[in-house]
1. Is one or more of the residues making up the range A:164-176 within 24 Å of A:R94 (Cβ to Cβ) and in contact with a Gly (Cβ under 6 Å, 6 or more places away or on another chain)?
2. Mind checking which residues of the range A:130-145 are outside any helix (DSSP H, G or I) and within 10 Å of chain B (Cβ to nearest Cβ)?
3. Among A:A32, A:A95, A:A76, A:A65, which is within 21 Å of A:M190 (Cα to Cα) and among the small types (G, A, S)?
4. Is it the case that some residue within the range B:85-103 is acidic (D, E), closer than 30 Å to A:G135 by Cβ and in contact (Cβ under 8 Å) with a residue 12 or more places away in the chain?
5. Please tell me if A:P134 is touching a residue at least 12 places away in the same chain (Cβ under 8 Å) and open to solvent by 20 Å² or more (accessible area, probe 1.4 Å).
6. Would you confirm, using the coordinates I've provided, whether B:L148 is more than 28 Å from A:D147 (Cβ to Cβ) and of a type in the set (A, V, I, L, M)?
7. Tell me, which strands (runs of 3 or more DSSP E) wholly within the range A:44-104 include 2 or more residues that are in contact with a helix residue (DSSP H, G or I) (Cβ under 7 Å, 6 or more places away or on another chain) and at pLDDT 95 or above?
8. I need a count of the residues in the range B:18-46 that are crowded, with 22+ Cβ neighbours inside 10 Å and closer than 30 Å to A:A111 by Cβ.
There are 2 protein chains.
Amino acid sequence: MPEPALASRSHVRQLGARAHYERETIYPIIDAAPLCHVGFEIDGQPYVIPSLHARDRDAILLHGAPDSRLVRHLCAGHPVCVSFTLLDGWVLGRAACSHSMNYRSVVLFGAARPVTSPAQKLRALELLTEHMLPGRWQEVRPPSEEDLCQTAVVAIDIEEASAKVRTGPPVDSGADRTPDIWAGVVPLCMLAGTPVPAGSEQDDTPLSGAVRAYFERQDRANKVK
Amino acid sequence: MPEPALASRSHVRQLGARAHYERETIYPIIDAAPLCHVGFEIDGQPYVIPSLHARDRDAILLHGAPDSRLVRHLCAGHPVCVSFTLLDGWVLGRAACSHSMNYRSVVLFGAARPVTSPAQKLRALELLTEHMLPGRWQEVRPPSEEDLCQTAVVAIDIEEASAKVRTGPPVDSGADRTPDIWAGVVPLCMLAGTPVPAGSEQDDTPLSGAVRAYFERQDRANKVK
């Protein structure tokens, strides 16, 4: 990924102090985001579609039905913008206009290309499955030749990207810092609840190890807080 | 909002059984989504920017800095697409290709217009504050004339919209329904953690009533699950 020029598409124009342009900041946000929003344009009309994703080095992988508008349009090489957003908290100031959110977000630009070789598609589906739930790929039936035919994979080579991050308390002006209004941050995070088995009530298959590990990580993260 | 034609921008082309075109399905998703992703296009380049939002009848309200690219571009009347996504769970099939997510999403199209009258801007900022945290508007200092000058408000009149919803267990083919692989759904939801006051350690301002009510609703929702 080349370093972006300041006047490029990626230059964060608002609240520039929150902007970051380094892989060390950008990639962990992409990897932590459960899904992304893909923007493309047809005849001057913008479209924004949510999608699962995975990152493979300097590329974003998406998958979909081979005949989907998204897949067909991207594979034709049109420019694409992908946005990743993690909401970390409501920022509640003492004035209405000092309300905000704490977040980590990435906006990236790139060109898409179809991934067509069966080996590369298989690798992409492994990364997409592992992005959803690390360890899951080893537990499940891998894609058959037919599965691979029915799934299109698109890679978006990242040409430019920027991250924007807000952390910390609300910023109220001195005059607003009166003690009669509570101000602060309500932290937010995505949490997993009790797994619901797909089978009937007779289902005594032990819970997936990947799901158990997911909950162990979640419990550890919550104890740290 | 006129009913969309089937060949319109809003027609859901993939997995049409998951598609909905009624206000009763679409508006609760918009209202429950903490934020949205706004897509616009400049010289053939798509942009997707996360934003806080509120709904006012058949319009979406956004706010930002008056000189922001998003605000200036939208106010010029260019077409816009706004996407709202609530992730409800990982759907873990027994085959890699039967993995999916449970979600509620809305994609809408419209034209933006600036909201310029101070009374309408004030009303918009009230709706935006209340979308973040119901009851908060009454607790805080309302926007001053200066605040209103420093904040631009944009309304996007909804011309077309569609919702896409997936619920329920994974769908595996008969051959894959073997008892040796755990399959099911891991429910996901956004949860609020312990509020962090903005003040110093001497701060003994009682916790905001709006925040307390938020936690009470959250506790009730979790007891129902």
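1. yes
2. A:L133, A:R136, A:V140, A:R141, A:P142, A:P143, A:S144
3. A:A32
4. To start, the set of residues in the range B:85-103 that are acidic (D, E) comprises B:88.
Okay, now just the ones that are also closer than 30 Å to A:G135 by Cβ, so B:88.
Narrowing the set further to residues that are in contact (Cβ under 8 Å) with a residue 12 or more places away in the chain leaves B:88.
Yes, there is a match, as at least one residue in the range B:85-103 is acidic (D, E), closer than 30 Å to A:G135 by Cβ and in contact (Cβ under 8 Å) with a residue 12 or more places away in the chain.
5. So A:P134 fits the description; yes.
6. Taking the combined requirement at face value, the residue satisfies it.
7. It comes to A:54-56, A:59-64, A:79-92.
8. 7
The values are calculated or read from the model by the stated rules, or taken from the named source; none is laboratory data. Predicted, not measured: the structure shown is a model, and the values here were computed from it. Note: ideal-geometry Cβ built from the backbone for every residue, glycine included; neighbour counts use all protein chains shown. For accessibility, only protein heavy atoms count, side chains too; no ligands or nucleic acids. Shrake-Rupley method; radii C 1.70, N 1.55, O 1.52, S 1.80 Å.
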